[in-house]
Amino acid sequence: MAKGNFLERLKAGEVLLSDGAWGTELQKLGLEAGGNPEEWNVTNPEKVKQVSESYYQAGADMGLTNTFNGTRFRQKHYGMTERVKEFNREGARLAKEVARKHGGFVVASMGPTGEFVEPLGLVSEDEMYEAFKEQADALKEGGADAVVIETIFNLPEMKIAIRAAKDAGLFVFSTMFFDAKADPATGEKPKDARFGFATMFGESPTQCVEEMQEAGADVVGTNCGNGIENMVRLVKEMKTVATKPILVHSNAGIPKLEGTKVIYDETPDVMAAKIAALVEAGAQIVGGCCGTTPEHIRRFREELDKLKK
C-alpha cells in the first residue's frame with residue numbers, strides 16, 4: 001500500500017486496523033524483563049521483524065515500530081544515549097521492510113520521556129524538543145510513513161512532541177493515556193470510570209483532543225490504561241470535539257499480578273465483541289495495546305470485515 005493510499009482511505013472515512021502489543025510479544029521471543037527492547041533492532045532484527053510479520057498476517061493495515069523507548073531520556077537508563085539514532089533508524093527500517101511485503105503503512109512509535117518540563121520537572125522545553133526531534137528525524141530516515149506519539153500523560157509533553165515530529169516532516173498520530181477519575185468521597189478510582197476520565201494532571205479527554213488538534217496532530221486518540229469497554233466511552237467523549245480521525249489502542253483489560261506474572265483477562269473474543277461499538281462511537285483506526293496479541297488483531301479484522309457487508 002502506498003502512503004497516499006492509506007491516507008486517502010483514512011480521509012474517505014474507512015475504518016482501518018492497527019497492530020497490537022509489542023513488549024509482551026518480544027518477551028515471548030526472549031527479551032528479558034528489564035531488557036532494552038530498542039537494542040534488539042540491532043542485535044535481534046529477525047525477531048523484531050517476526051512481531052511485525054505476525055500482525056500483518058493477522059490482517060493489520062498498519063504497523064508500529066520497536067521504538068517506544070527511543071528518546072535519549074529513556075535510553076539513558078540503559079547507558080545507550082549515543083545509539084539513539086541507530087536504534088530508531090533501524091527500528092523504522094525493519095518495520096518498513098516487512099510492511100512493503102504486505103502493502104502496509106509504518107507508524108513509528110514515540111513514547112513518553114519519563115521526564116516533566118520545567119517548572120514541574122527538571123527538563124527545559126528545548127531539551128525535550130531536541131530529544132523528540134532527534135528520534136523523529138531518525139525514524140523518518142529509517143523509512144517511517146508517520147509517527148504515533150503514544151502513552152503520553154500530560155499535554156505539555158504531547159504538544160512538544162507533536163511540534164518536533166511535524167518539524168521532522170512526518171504525519172502525526174497522537175494518543176493520550178487516561179485514567180478513571182477518583183471518587184470524590186473515597187479517593188478510589190472505580191474500574192467502570194463512573195466519574196469520567198482524566199490524565200494524571202486532570203486534563204480531560206476533550207481538552208486533550210482540542211489542544212492536540214491545535215498543535216497540529218493529524219490523528220488523535222487514546223491508548224493504554226483501559227480495557228475496551230472504557231475505550232468506547234472515551235471515544236464517545238472525544239468525538240464531541242474531534243475534527244481529526246480517532247485512533248484507539250486498547251489494553252486487553254487492566255493488568256493483574258498473579259504471582260510474578262502479569263495477566264490480561266480480555267480475550268480476543270471479549271475484545272472483538274466490542275469492535276462494532278467502538279466504531280459506532282467514532283473510532284476510525286482500531287488496534288491493541290498492552291496484553292493484545294496477533295490473535296486479538298485477527299479477531300478485530302473479522303469484526304471490521306463484517307461491518308463492511
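The values are calculated or read from the model by the stated rules, or taken from the named source; none is laboratory data. Since we're looking at a predicted model, the values are computed, not measured. Cβ atoms come from the backbone with ideal geometry, glycine included; neighbour counts cover every protein chain shown.
Structure above, values below:
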quantity: Filter result for GLU32 (of a type in the set (Asp, Glu), part of a helix (DSSP H, G or I) and more than 20 Å from the chain's Cα centre (by Cα)); calculated: no
quantity: Restricting the stretch 73-105 to residues that are within 14 Å of ALA131 (Cβ to Cβ) and in contact with a strand residue (DSSP E or B) (Cβ under 8 Å, 6 or more places away or on another chain), the residue that is surrounded by the fewest Cβ atoms within 10 Å (Cβ to Cβ); calculated: PHE73
quantity: Any hit, the stretch 191-198, residues being surrounded by fewer than 16 Cβ atoms within 10 Å (Cβ to Cβ), of a type in the set (Gly, Ala, Ser) and either within 21 Å of LEU278 (Cα to Cα) or touching a residue at least 60 places away in the same chain (Cβ under 8 Å) (or both); calculated: yes
quantity: Members of the stretch 243-281 found to be assigned to a loop (DSSP other than H, G, I, E, B), in contact with a strand residue (DSSP E or B) (Cβ under 6 Å, 6 or more places away or on another chain) and at pLDDT 95 or above, listed by number; calculated: LYS244, PRO245
quantity: Residues of the stretch 214-228 classified as on the phi < 0 side of the Ramachandran plot and touching a strand residue (DSSP E or B) at 6+ places or on another chain (Cβ under 9 Å), total; calculated: 10
quantity: Test for ASN41: is it outside any helix (DSSP H, G or I) and under 17 Å from ALA92 (Cβ atoms); calculated: no
quantity: Residue identified as modelled with pLDDT of 95 or more, surrounded by fewer than 22 Cβ atoms within 10 Å (Cβ to Cβ) and among the polar types (S, T, N, Q) among THR206, THR222; calculated: THR206
quantity: Unmet requirement for ALA58, which otherwise passes all of (1) in contact (Cβ under 8 Å) with a residue 60 or more places away in the chain; (2) surrounded by 22 or more Cβ atoms within 10 Å (Cβ to Cβ); calculated: (2)
quantity: Unmet criterion (only one of (1) of a type in the set (Val, Ile, Thr); (2) crowded, with 18+ Cβ neighbours inside 10 Å; (3) out of contact with any Pro (no Cβ under 8 Å at 6 or more places or on another chain); (4) touching a residue at least 60 places away in the same chain (Cβ under 8 Å)) for ILE254; calculated: (2)
quantity: Count of residues meeting criterion [surrounded by 16 or more Cβ atoms within 10 Å (Cβ to Cβ) and out of contact with any His (no Cβ under 9 Å at 6 or more places or on another chain)] in the stretch 24-41; calculated: 9
quantity: Selection count, the stretch 241-277, where residues are of a type in the set (S, T, N, Q) and under 14 Å from CYS289 (Cβ atoms); calculated: 2
quantity: Every residue from the stretch 13-29 that is in contact with a helix residue (DSSP H, G or I) (Cβ under 7 Å, 6 or more places away or on another chain), within 22 Å of LYS261 (Cβ to Cβ) and assigned to a loop (DSSP other than H, G, I, E, B); calculated: GLY20, TRP22, LEU29
quantity: THR186 being of a type in the set (Val, Ile, Thr) and either surrounded by 20 or more Cβ atoms within 10 Å (Cβ to Cβ) or touching a residue at least 60 places away in the same chain (Cβ under 8 Å) (or both); calculated: no
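Residue-wise test of (1) surrounded by fewer than 20 Cβ atoms within 10 Å (Cβ to Cβ); (2) within 19 Å of LYS256 (Cβ to Cβ).
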{"position": "GLU266", "(1), (2)": "no, yes"}
{"position": "ASP269", "(1), (2)": "yes, yes"}
{"position": "ALA272", "(1), (2)": "no, no"}
{"position": "ILE275", "(1), (2)": "no, no"}
{"position": "ALA281", "(1), (2)": "yes, no"}
{"position": "GLN284", "(1), (2)": "no, no"}
{"position": "GLY287", "(1), (2)": "no, no"}
{"position": "GLY291", "(1), (2)": "no, yes"}
{"position": "LYS308", "(1), (2)": "yes, no"}
